1. Would you please report the Å³ per residue occupied by the convex hull of the alpha carbon atoms in the chain?
2. With a 10 Å cut-off between alpha carbons and a GNM built on the chain, which of 67, 299, 330 moves the most?
3. Find me the longest stretch of the chain that has none of the exposed GluC sites (Glu not before Pro), where exposed means in a DSSP loop (not H, G, I, E or B) with at most 16 other Cβ atoms within 10 Å.
4. Rounded to the nearest 20 debye, what is the charge dipole size of the stretch 133-253 about its Cα centre when +1 sits on each Lys and Arg Cβ and -1 on each Asp and Glu Cβ?
5. Which Cα, out of 338, 191, 180, lies furthest along the positive dipole direction of the chain (beta carbon charges, K/R +1, D/E -1)?
6. Give the lysines reachable from residue 119 as a straight Cα distance under 27 Å; neighbours fewer than 8 places away on the same chain don't count.
7. Roughly how many debye, to the nearest 20, is the charge dipole of the stretch 1-112 about its Cα centre, given +1 on each Lys and Arg Cβ, -1 on each Asp and Glu Cβ, and no other charges?
8. Taking the Cα centre of the chain as the origin and placing charges on Cβ (Lys, Arg +1; Asp, Glu -1), which of 300, 84, 205 is farthest toward the positive end of the dipole?
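Read-outs throughout are calculated quantities, based only on the coordinates presented, and are distinct from any laboratory measurement. These numbers were taken from a predicted model, which means no experiment stands behind them. Methodologically, a virtual Cβ is constructed for each residue, glycine included, from the backbone with ideal geometry; neighbour enumeration extends over all protein chains shown.
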Amino acid sequence: MKYPVWFLRLLFASWMIPAGLEHFIPIFPQPLGSQPLSMELFVALRDSHLFDLVKAVELIAGLGVLLGYYTPLSLLICLPISFNVFYWDAPLEGWGSGAAPFGYATLLVNSLLILAYHKSYRSMCTMKAMVQEDRKQFAQVGRIILGAVILIFSANILFVSSAPAGDTPLAAQLMTALVNSRLLYVVLVLQLVAGALIFSGFLVPLALYVQIPLTTCALYWALILNQEPLLAIVTLVVFAVSGLLMLAYLPYYKGVLERQSLAAGEESGSAMNYDGLYLNPNGQTPRAQYIPAMIVVVLTLLFYNYMVGGGGRNAQFCILTLMYPLFVLLARRFHDMGQEAKLLFIPLTLVLLFFDVLFGYFSMGEVMDGAIGWLALIVTGAFMVWGSVGSDKDFQSAES
């Protein structure tokens with residue numbers, strides 16, 4: 001079970017990191033959409049700078065999953081982004097469009113990884129969560145008021161009146177795009193359900209998690225874009241109460257907030273965990289552990305090269321991201337073989353030179369550029385094979 005989880009984890013992280021980084025440092029073309037609704041929504045998100053927040057979350061979540069830093073939390077904060085990627089790629093671009101598989105894959109991989117770390121989310125899904133005695137009165141009054149406000153607001157726009165038009169050009173542009181794409185109504189249905197759960201006292205920690213990113217976006221629209229004082233104050237109060245309630249129910253988020261977490265199939269103290277193989281280059285990994293771990297990395301590389309399209313700039317940066325776990329694993333293996341990890345500077349230098357040429361940052365002429373690519377592949381592959389056939393240092397010592 002752990003090997004498929006590692007594959008999905010590497011897949012998710014190596015996709016999210018370049019996708020998030022691209023917005024701040026242009027490294028490949030950002031898809032603008034090919035349909036009127038998808039283009040309208042993208043332009044509105046970009047012009048309003050809400051897209052900055054979206055891409056920052058992608059980058060932070062990708063780094064967290066790759067580096068094993070608050071992985072359950074990283075997956076959870078990225079889930080709303082993954083849903084929006086799916087919504088933009090599939091319903092808006094077209095269910096059978098070329099973009100749709102990327103939307104399906106993003107949401108599916110994010111969801112499967114959350115299932116793989118289900119133990120971390122178990123307490124958050126407590127049916128009737130209780131709080132400490134000194135916070136009990138605030139939690140009860142706060143959740144009833146918050147739940148009622150969310151219910152009334154969501155139901156009013158869904159069934160009675162229309163969405164606020166916006167008092168500034170950017171606020172109006174974003175709201176119009178949300179209404180036209182119907183994404184606003186998806187959000188309102190989620191808020192309606194979350195509000196009902198908070199008001200009734202069932203699954204309150206989970207409902208607060210569902211509600212807080214929606215309220216964050218609403219606060220951005222009301223406070224930053226629309227700038228109408230009364231609405232901004234009301235939204236700010238709702239956001240503040242939501243945050244205070246999450247603090248009141250903080251013990252139920254304990255699993256989510258663990259810095260190091262185990263996925264399905266991983267065991268505490270075992271060296272055959274993701275964190276023990278792909279994160280710290282100073283450790284040691286014997287051959288029996290190295291081979292399956294390296295196979296997972298190679299399969300991820302092959303996926304990007306053949307399934308996503310290795311000739312595309314997106315896939316190329318995903319492959320570059322995967323060089324980190326690959327060389328960390330190689331360094332650990334060389335330590336265990338009794339070899340100097342400094343030898344890895346040879347393939348690493350060639351790989352970095354190859355990507356410099358590939359991205360057009362450096363060129364030595366067409367013939368030499370092609371030769372560098374093949375040389376990087378052959379030398380790196382040779383080092384990977386060396387790690388597979390080399391003897392463990394402890395075994396060598398015992399034999400001597």
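1. Hull volume over Cα atoms, normalised by residue count, gives 159 Å³.
2. 299
3. Between the exposed loop sites, the longest stretch runs 1-257.
4. 200 debye
5. 191
6. The qualifying lysines are 2, 128, 136, 254.
7. Result for the stretch 1-112 is approximately 400 debye, rounded to the nearest 20.
8. 205
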